[in-house]
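The next block holds one structure in the form of structure tokens; read it before the comments.
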Amino acid sequence: MEAVTVIPSALGVRQPGWADGSGVARFLRHSGAIAAVELDKLLRDPTEILTRAIQPSLWLIVFGEVFTRTRAIPTGSLSYLDFMAPGVLAQSVLFTAIFYGIAVIWERDLGIVHKLLVSPASRESLVFGKALAAGLRALTQAVFIVLLALILGVHVRHSAGSLGGVALVVMLGGALFSTFSFVIACLVKTRERFMGIGQVLTMPLFFASNAIYPLSMMPAWLARVARFNPLTYLVSALRSLMLAGGPASSSIATDVGVLASVFVLLLLMGARLYPGIAR
């Protein structure tokens, strides 16, 4: 609750329109204020980073090492551990972001949502600020997983351009799935329903993607479903950026374009639905 008190001073006074330069600056300032409040929660409890790193670590250390030895999944010139590392990173982004929306329900129960809705910030900047914070949270997970992958011998590209691209794609993926979670929270409005839907969605999104096996191994119907799964494009982008010669199901431009388009669509949906969560 203490962190919320910094919002009014940071948001400033609303003025008509934000399409001009001053409006864009206001939009970014408001979004930054919301993101700072969200990140302050993480700084108060940094153990969340470590606890959320356990599951992807087990996937890499146990699942990845075992299937590398069995050679049961065709991955071309890459070892299975190399092939799997970007998929595990994408999985971590998904699992971290998909339950982000429950915080919105908590904020409604505590009365914080009402304070945000009467603030000078636009609905878009409120949702974008939360998405930005979720992307930065996902980035902290990415640092841990990339370091673990290097320790395990994964052939990660070391160039600044590749690592910077990975960081940007991870943030975009975190923002996308957190906004998806945000939309679900605005629709269901209760913690129990939200947790149930979140648990139902995570596994299908993960397994109906190219995270742990190539699309060529899937039955035709599942491969078609995977083409409509944003996680597939997140994994493909990470493989292109992380690994030298990493097999990608589409071009990096297509991957980023799809992720950005879905994020913008979800951002607009979230901004439209956000006032309804307070009722």
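Since every read-out is calculated from the coordinates, none of them should be taken as a lab result. These numbers come from a predicted model, not from an experiment. Because the Cβ atoms are built from the backbone with ideal geometry, glycine has one as well, and the counts that use them run over all protein chains shown.
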Exercise. Got a sec to turn the phi values of the range 175-183 into Karplus ³J(HN,Hα) couplings, 6.51 cos²θ - 1.76 cosθ + 1.60 with θ = phi - 60°, whole Hz, x for Gly and Pro?
Worked result: 5, 4, 6, 5, 5, 4, 4, 4, 4
For this session: Treating cross-link reach as a plain straight distance, find the lysines whose alpha-carbon is under 17 Å from the alpha-carbon of Lys130, omitting any fewer than eight places away in the same chain.
Result: Lys41, Lys115
Seminar exercise, completed: GNM of the chain, Cα pairs under 10 angstrom: of Val24, Val154, Val264, the biggest fluctuation goes to Val24
Exercise. Can you sort Tyr274, Tyr233, Tyr213 by how many other beta carbons sit within 10 Å, fewest first?
Worked result: Tyr213, Tyr274, Tyr233
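Counting pairs of alpha carbon atoms under 8 Å apart in space and at least six apart in sequence, what relative contact order in percent does the range 47-277 give? Could the numbers behind the result be given before it?
Working: 302 pairs, mean separation 66.9, N = 231.
Across the range 47-277, relative contact order equals 29 percent.
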Problem set entry | Which label in (1) 59, 40, 35; (2) 60, 43, 37; (3) 52, 42, 38 gives the computed Cα extents along the principal axes in Å | (1)
Exercise. Where does helix 21-44 land angle-wise versus the long Cα axis of the chain, in degrees 0 to 90, nearest 10?
Worked result: 70 degrees
Seminar exercise, completed: Applied in sequence order to the range 57-64, the curve 6.51 cos²θ - 1.76 cosθ + 1.60 (Karplus, θ = phi - 60°) yields integer Hz couplings, x standing for Gly and Pro, of 5, 5, 4, 5, 6, 8, 4, x
For this session: Rounded to the nearest Å, what's the spacing between the alpha carbon centres of the range 218-238 and the range 183-213? Just the number, please.
Result: 16 Å
Seminar exercise, completed: The answer for trypsin sites (Lys or Arg not before Pro) in the range 23-113 that fall in a DSSP coil and have at most 10 neighbouring Cβ atoms within 10 Å is Arg71
Exercise. Extension gain His158-Ile102, at 0.36 nm per residue separation less the Cα-Cα distance, in nm?
Worked result: 16.5 nm
For this session: Just rank Thr202, Thr51, fewest to most, by other beta-carbon atoms within 10 angstrom.
Result: Thr51, Thr202
For this session: Could you go through the range 223-239 in sequence order and give the Karplus-derived ³J(HN,Hα) for each residue, using 6.51 cos²θ - 1.76 cosθ + 1.60 with θ = phi - 60°, rounded to whole Hz, and x for Gly and Pro?
Result: 4, 5, 4, 4, 5, 9, 9, x, 5, 4, 6, 5, 5, 4, 5, 5, 5
